[in-house]
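Accompanying notes for the structure given below.
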Amino acid sequence: MSLELDYLFHPRSIAVVGASTDPQQQGHSFLKLHLNNGFKGKVYAVNPKAKEILGVTSYSSLLDIPEEVDYVISCIPSGVVPQLIDEASRKGVKVVHLYTARFSETGRQEDAQLEQEVLRRARASGIRVIGPNCMGIYYAREGLVFMDGFPKESGPVAMLSQSGGNAVELISAASTRGVRFSKVISYGNAVDLNEADFLDYLADDPETRVICASIEGTKDGRRLFQVLKRCTGQKPVVIMKAGRTGAGAKAVASHTASLAGSQQVWEAMCRQAGAVLVSSLEEQADALVTLHFLKPTVGVRVGIVGGSGGRSVASADQCEEAGLKVIPLPEDLRKKLRDESPLLGDWVSNPTDTSILGGSSLTVCKVLAMMAEHPDFDILIAHAGESFGLGRPGGVQRVLQTLDSYLAIGRSTAKPMAIILGDSLVENERQRETIVEMRRRCIEAGVATFPTVSRAARALRMFGDYFRHRAEADSFK
């Protein structure tokens with residue numbers, strides 16, 4: 001077990017040094033967030049130019065706070081951070097989160113030297129540093145947060161990200177689709193605690209079932225590989241590597257002063273360690289939704305229902321292009337279709353075109369239920385209705401009824417099922433509200449949603465590959 005960093009996530013008190021009266025400043029935001037988002041400990045403001053901020057006393061320095069302080073958030077200029085570390089040492093602070101930037105990421109030698117001086121003083125004092133140049137920790141269970149609007153409920157997915165912006169975007173994108181997070185760490189330049197430290201911790205964290213990482217580079221590739229291999233032996237790890245191209249690598253150097261490294265080396269490392277490598281935030285969000293909601297499978301044979309004729313053709317192409325197999329309907333299943341509807345039994349195919357079933361007793365829900373029961377299908381994809389259908393008389397009610405039938409099948413089958421909720425073509429607020437309601441019902445039912453078949457297919461193929469590789473690795477143990 002490697003939970004020695006657990007105290008990072010359980011401070012009894014937080015001091016925002018550089019707390020601001022200006023709502024536009026991050027020093028104001030950090031103070032407000034921890035006062036208003038359920039943090040159960042004490043929150044202190046430090047600003048020598050103010051006597052009170054947001055209703056709490058503002059102290060001239062960290063040393064003026066009369067009680068103990070566990071955790072410091074630094075929003076002050078980089079040049080005075082060494083002094084802050086000295087004061088934190090005298091105060092008995094355990095952790096300093098440096099939101100403060102303009103250290104080694106500037107590329108200037110004097111700034112890199114200043115960063116190393118901060119590290120030297122912190123290590124001499126036994127203080128752990130998160131950052132610099134980062135957003136810090138989001139841990140809903142303890143009320144630690146770095147952005148307004150994040151879910152207040154916790155979940156089984158953890159994230160570590162050098163980029164604060166990537167962390168914010170992924171939390172926002174994944175949470176609207178039902179993913180909830182155990183712990184998120186934005187760690188910036190990683191002068192002290194780095195990606196290997198956090199992965200090592202999360203591997204044993206009982207609150208975490210899935211891990212994702214947005215990594216720009218590493219200063220110790222050997223250790224990262226060793227930790228990553230240990231981690232993937234216990235839970236899935238999804239990595240988005242930034243700086244894959246020459247231009248990206250240059251951007252990485254100016255962002256967090258990391259060594260991006262060869263893309264081929266990163267691919268080989270992730271493959272050997274058993275991690276899932278993705279290339280965009282969209283792919284990462286899709287991977288998290290898949291791992292969070294879907295039941296494990298190693299199969300690639302997919303059954304698809306819903307959508308018009310053109311959409312069905314496109315769905316077949318997109319699934320095959322992603323590496324899934326769109327198999328013909330088995331003869332015994334077709335016999336059931338003939339028994340249900342003699343006129344349509346031979347016309348229905350995989351994917352099932354909604355338009356040919358109109359007015360008959362045979363519905364896409366019945367076809368989906370048959371696919372769910374048949375052993376030849378490994379995965380199910382169901383369109384929850386064309387967006388233009390929402391505008392027809394009674395369209396909303398029909399779409400919601402169809403969705404509820406899909407969800408009942410999803411709850412009863414052992415097969416992974418993805419629901420397609422395409423909201424890019426909605427025409428008015430009423431339709432948007434319907435899509436939101438449909439997504440809510442899917443989340444409550446524990447069913448994964450995707451905006452397109454193409455994204456669902458790629459995620460499902462990744463999903464199957466992961467569990468297949470995991471099974472192969474386990475067989476050699």
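Specify which of the listed residues (50, 45) is part of a loop (DSSP other than H, G, I, E, B) and under 19 Å from residue 20 (Cβ atoms). So that I can check it myself, show each step before the final result.
Values: 45 fails: part of a loop (DSSP other than H, G, I, E, B).
The conditions single out 50.
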Some residue of segment 158-171 being of a type outside the set (Lys, Arg), in the same structural domain as residue 16 (by TED's automatic domain parsing) and out of contact with any helix residue (DSSP H, G or I) (no Cβ under 8 Å at 6 or more places or on another chain): no
Set 130, 76, 65: member being surrounded by 24 or more Cβ atoms within 10 Å (Cβ to Cβ), at pLDDT 95 or above and not small (Gly, Ala, Ser): 130
Checking residue 216 against (1) in contact with a Gly (Cβ under 6 Å, 6 or more places away or on another chain); (2) at pLDDT 95 or above, the condition it does not meet: (2)
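Within the group 5, 31, which residue is modelled with pLDDT of 95 or more, out of contact with any Asp or Glu (no Cβ under 8 Å at 6 or more places or on another chain) and surrounded by 17 or more Cβ atoms within 10 Å (Cβ to Cβ)?
On the way: 5 fails: out of contact with any Asp or Glu (no Cβ under 8 Å at 6 or more places or on another chain).
Going through 5, 31 in turn, just one is modelled with pLDDT of 95 or more, out of contact with any Asp or Glu (no Cβ under 8 Å at 6 or more places or on another chain) and surrounded by 17 or more Cβ atoms within 10 Å (Cβ to Cβ): 31.
Against the condition surrounded by fewer than 19 Cβ atoms within 10 Å (Cβ to Cβ), among the charged types (D, E, K, R) and farther than 24 Å from residue 7 by Cα, how does residue 235 come out, does it pass? Outline the logic, then answer.
Numbers: surrounded by fewer than 19 Cβ atoms within 10 Å (Cβ to Cβ): yes; among the charged types (D, E, K, R): yes; farther than 24 Å from residue 7 by Cα: no.
For residue 235, the condition - surrounded by fewer than 19 Cβ atoms within 10 Å (Cβ to Cβ), among the charged types (D, E, K, R) and farther than 24 Å from residue 7 by Cα - is not met.
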Considering residues of segment 224-259 that are of a type in the set (A, V, I, L, M) and at pLDDT below 50 only, the residue farthest from residue 192 (Cα to Cα): 247
Elements of type strands (runs of 3 or more DSSP E) in segment 55-150, at least 2 residues being in contact with a helix residue (DSSP H, G or I) (Cβ under 6 Å, 6 or more places away or on another chain): 71-74, 95-98
First in segment 430-449 and more than 21 Å from residue 395 (Cβ to Cβ), second anywhere and loosely packed, with under 14 Cβ neighbours inside 10 Å, Cβ under 7 Å, 6 or more apart: 445/411
First in segment 227-239 and touching a residue at least 12 places away in the same chain (Cβ under 8 Å), second anywhere and among the β-branched types (Val, Ile, Thr) and not in a strand (DSSP E or B), Cβ under 8 Å, 6 or more apart: 235/208
Test: residue in segment 295-307 that is within 20 Å of the chain's Cα centre (by Cα) and either over 15 Å from residue 468 (Cα atoms) or charged (D, E, K, R) (or both): yes
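The values are calculated or read from the model by the stated rules, or taken from the named source; none is laboratory data. Being a predicted model, the structure only gives us computed values, none of them experimental. When we count neighbours, we look across all protein chains shown, and the Cβ atoms used for this are built from the backbone with ideal geometry, even at glycine.
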